[in-house]
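Working notes, beginning with the structure itself.
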Amino acid sequence: MSLRIRVTQRLSLAMLLLLLSLQVHAIDPQQSFSNPADQQRYQVLTSEIRCLVCQNETIADSTALLANDLRREVRRMVEEGMTDAEIKEFLVSRYGDFVLYRPQFKPTTALLWLAPLLLLLIGGSTFAVVLSRRSRLPKDVDAPLMADDQ
Amino acid sequence: MPKGLKFALPALAFIALMGFFFIGLFRDPSYIPSPFVNKQAPEFDLPKLLQENDSLTLIDMRGEYSLVNVWATWCAGCRQEHDTLLRVAADYNMPIYGLNWKDDPAKATLWLEQLGNPYVANGVDEMGTTAIDWGVYGAPETFLLSPEGIVLHKHIGPLNIEIWRNDFLPLLQGQGT
């Protein structure tokens with residue numbers, strides 16, 4: 001009996017491990033950098049750059065030819081010691097703001113960045129006005145309605 | 001706040017939002033405007049197809065309006081637009097320069113032999129680095145260059161004669177061609 005349990009347990013453990021192993025990606029066949037800081041920088045950068053062929057993927061996730069080329073370019077620039085800002089500027093000057101998942105803040109992207117705040121302000125102030133009006137209404141204003149309901 | 005405005009304002013806001021959504025319906029999300037329009041075209045130096053010892057650069061294109069066409073034999077849209085390119089080169093006397101992108105030069109040569117060659121010359125970009133410098137993300141792409149090497153227009157996707165007449169030709173007329 002105990003043997004059977006052990007087998008079942010082992011089997012379920014093996015299955016669990018198998019499931020976890022699906023998380024491993026092998027899109028980027030390149031070797032890792034010798035410097036761990038560079039590797040980290042490369043991984044962060046490639047996961048913030050949009051693959052323009054398959055627009056909802058980053059170049060770190062995409063198998064498209066272009067993504068492969070862009071990874072190679074980012075790798076080269078990281079190896080050459082360019083800063084993150086310089087690498088992003090390299091891409092934006094060629095592909096436009098859309099290439100970055102988090103576009104830089106500048107006049108043309110200001111509305112994009114500030115829109116949530118702006119909408120919150122509009123909604124918030126409308127809400128505040130409605131509330132303050134309502135509190136200033138006479139107390140018995142609902143009375144006729146209540147009477148109607150009954 | 002006047003009573004009418006209280007209802008009109010949200011209604012107007014709603015209509016404006018619907019307007020944006022409606023326009024959005026007919027916009028192509030795969031079309032990404034090029035940051036190079038009205039700017040100097042990026043420099044490059046590539047070996048020529050058919051003449052490996054010679055190189056193609058921007059200087060070769062100076063002095064007249066020209067098209068730079070990004071193509072490859074693996075690209076279906078390029079096959080589709082090929083007849084248009086032949087026609088534009090022949091009927092409109094337009095110099096077309098090819099950027100042969102991530103392709104096999106032998107296949108590219110065969111393609112030109114079999115389908116006709118609309119190009120003045122082709123630069124071979126096997127690694128795709130020049131294409132990145134030009135912000136290319138999907139062949140075919142066609143750039144219109146001024147005699148001074150300024151990018152006047154970029155078309156993404158296969159060309160046809162209507163697109164040529166509507167989007168390219170007006171940019172040439174009145175400018176001495």
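Quick note: the coordinates plus some simple rules give every number you see, no bench work behind them. These figures come from a predicted structure and were not determined experimentally. A quick note on method: Cβ atoms are made from the backbone with ideal geometry, for glycine too, and the neighbour counts reach across all protein chains shown.
Is there a quick way to get the dipole size of the stretch A:1-114? I mean about its Cα centre, with the Cβ of Lys and Arg at +1 and of Asp and Glu at -1; what is the value in debye to the nearest 20?
Here the stretch A:1-114 has a charge dipole of around 640 debye.
Connecting C-alpha atoms closer than 10 Å in a GNM of chain B, tell me which of B:Q114, B:Q51, B:Q40 has the biggest fluctuation.
Ranking B:Q114, B:Q51, B:Q40 by mean-square fluctuation puts B:Q114 first.
For chain B, with a Gaussian network of springs between Cα atoms less than 10 Å apart, report the residue from B:K48, B:K102, B:K39 with the top mean-square fluctuation.
Among B:K48, B:K102, B:K39, the largest mean-square fluctuation in the Gaussian network model of chain B belongs to B:K39.
So how far, in whole Å, is the C-alpha centre of the stretch A:32-51 from the one of the stretch B:1-58?
A separation of 29 Å, based on Cα centres.
For the Cα atoms of chain A, what angle does the longest principal axis make with the long axis of helix A:110-136, in degrees from 0 to 90, nearest 10?
30 degrees
Near A:K88, which lysines are there with a Cα under 23 Å away, not counting those fewer than 8 places off in the same chain?
Output for A:K88: A:K106, B:K39, B:K154.
I want to verify a result. In a Gaussian network model of chain B, Cα cutoff 10 Å, which of these has the top mean-square fluctuation: B:L12, B:L67, B:L152?
Result: B:L12 has the largest fluctuation of those listed.
Helix-derived [θ] at 222 nm for chain B: sum -39500 (n - 2.57) over DSSP H runs of at least 4, divide by residue count, nearest 500?
Roughly -10500 deg cm²/dmol at 222 nm, from the helical runs in chain B.
Hey, what angle do you get for helix A:36-46 against the long axis of chain A, alpha-carbon based, 0 to 90 degrees rounded to 10?
With rounding to tens, the tilt is 50 degrees.
Can you tell me the FRET efficiency between A:E57 and A:V130 if r is taken as the Cβ-Cβ distance and R0 is 51 Å, rounded to the nearest 0.05?
The value I calculate is 0.75.
Which loop chymotrypsin sites (Phe, Trp or Tyr not before Pro) in the stretch B:6-38, with loop taken from DSSP, have no more than 11 other Cβ atoms within 10 angstrom of their Cβ?
Taking the stretch B:6-38 and a limit of 11 other Cβ atoms within 10 Å, the loop chymotrypsin sites (Phe, Trp or Tyr not before Pro) found are B:F26, B:Y31.
Say the dipole of chain B comes from +1 at the beta carbon of Lys and Arg and -1 at that of Asp and Glu; which of B:L9, B:V70, B:L110 then lies farthest toward its positive end?
The listed residue farthest towards the positive side: B:L9.
From Cα pairs below 8 angstrom and at least 6 apart in sequence, can you work out the relative contact order of the stretch A:1-93, rounded to a whole percent?
19 percent
Most exposed first by the Cβ proxy, i.e. fewest other Cβ within 10 Å, how do A:I87, A:I59, B:I150 rank?
B:I150, A:I87, A:I59
Among A:Q30, B:N122, A:L3, pick out the residue whose Cα is farthest towards the positive end of the charge dipole of the protein assembly as shown, where Lys and Arg carry +1 and Asp and Glu carry -1 on C-beta, about the Cα centre.
Final value for the positive-end residue is A:L3.
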